[in-house]
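S.K.: Structure provided below as structure tokens; questions to follow.
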Amino acid sequence: MFRLQGSKVLAVDMTGDAVKAKNGSMVAYDGEMAFKKLSGGGEGIRGMVTRRITGEQMTVMEVKGHGTCWFADRASEITLVGLQGDTLYVESSNFLAADAGLRTGTSFTGARGASQGNGLFTTTVEGHGQAAIMSDGTPVVLRVSAQYPLTVDPGAYVAHQGNLRQSFQSGVTFRTLFGEGGGEAFQIRFEGDGLVYVQPSERNTIAGDV
């Protein structure tokens, strides 16, 4: 059971089950817990998720036991996302935790990942259960519909879910429009039906100066 204590701490109550979490994000626990670093990758990511492309690396640990475990990371705001058989796509730096029963893997993101300096892959979380994602500030959850496609600055993008198609638009970004940065720029355009999570603070990227 995932629950928030405040907006920056995730509490997970366990009765013999397990949870996957960002390595090093456990801040406290009670009861009896066992921790192990997962190893291997691919389907179900039964082990450590390691991305070495463009130097990106992320590790996941499994926590199993009886009691409550608390997770947090750099005082980031935490948002709970419920999955009903669909897939959540989240930037690796924004992933905090997921039910152990959810399948976790990677998805190729191409130019967007490379330009952000976060690598070429995004974390995917799929199945039925709960996941916790982080953001720098309280995120805005924006609905995308056939009538209303959405354009997002890549530095503010956190995650998305639903039946969405991504494309990359070259041109002026919100920042270069006001003289912040220069050179060729791009944004992410979402079309279809789904939700996009956007944080109110842009991560340091070179997205506006590719």
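S.K.: Could you order T79, T123, T15 so the one with the most accessible surface comes first? Probe is 1.4 Å. Working shown, then result.
M.R.: On the way: T79 30, T123 0, T15 115 Å².
In descending accessible area the options line up as T15, T79, T123.
S.K.: Would you tally the net charge around H66, using a Cβ to Cβ cut-off of less than 12 Å, leaving H66 out, and scoring K and R as +1, D and E as -1? Each step should come with its number before you reach the end.
M.R.: Numbers: positive: K64; negative: D13, D17, D30, E32.
Result for the neighbourhood of H66: -3.
S.K.: Would you kindly find the accessible area of V27, with a 1.4 Å probe and non-protein molecules such as ligands, DNA and RNA excluded, rounding to the nearest 10 Å²?
M.R.: The value for V27 is about 90 Å².
S.K.: Taking the full set of protein chains and a 1.4 angstrom probe, give the accessible area of V81 in square angstrom, rounded to the nearest 10.
M.R.: 0
S.K.: Could you give me the ³J(HN,Hα) list for the range 64-80, computed from phi with Karplus coefficients 6.51, -1.76, 1.60 and θ = phi - 60°, whole Hz, x at Gly and Pro?
M.R.: Working through the residues one at a time gives 9, x, 10, x, 10, 10, 10, 10, 7, 8, 6, 6, 6, 6, 10, 10, 8 Hz.
S.K.: Quickly work out the F168-to-Q5 label distance, labels modelled 7 Å from Cα along the C-beta direction, and quote it in nm with one decimal.
M.R.: Going by the 7 Å Cα→Cβ label model, 4.2 nm.
S.K.: Right, something else. Through the Karplus equation 6.51 cos²θ - 1.76 cosθ + 1.60, θ set to phi - 60°, convert the phi angles of the range 24-35 into ³J(HN,Hα) values in whole Hz; use x for Gly and Pro.
M.R.: x, 8, 6, 10, 6, 7, 10, x, 10, 10, 10, 10
The values are calculated or read from the model by the stated rules, or taken from the named source; none is laboratory data. Because the structure is predicted, anything quoted here is derived from the model rather than measured. Ideal geometry is used to build each Cβ from the backbone, glycine not excepted, and the neighbour counts take in all protein chains shown. Heavy atoms of the whole protein, side chains included, go into the accessibility calculation; ligands, DNA and RNA do not. Shrake-Rupley method; radii C 1.70, N 1.55, O 1.52, S 1.80 Å.
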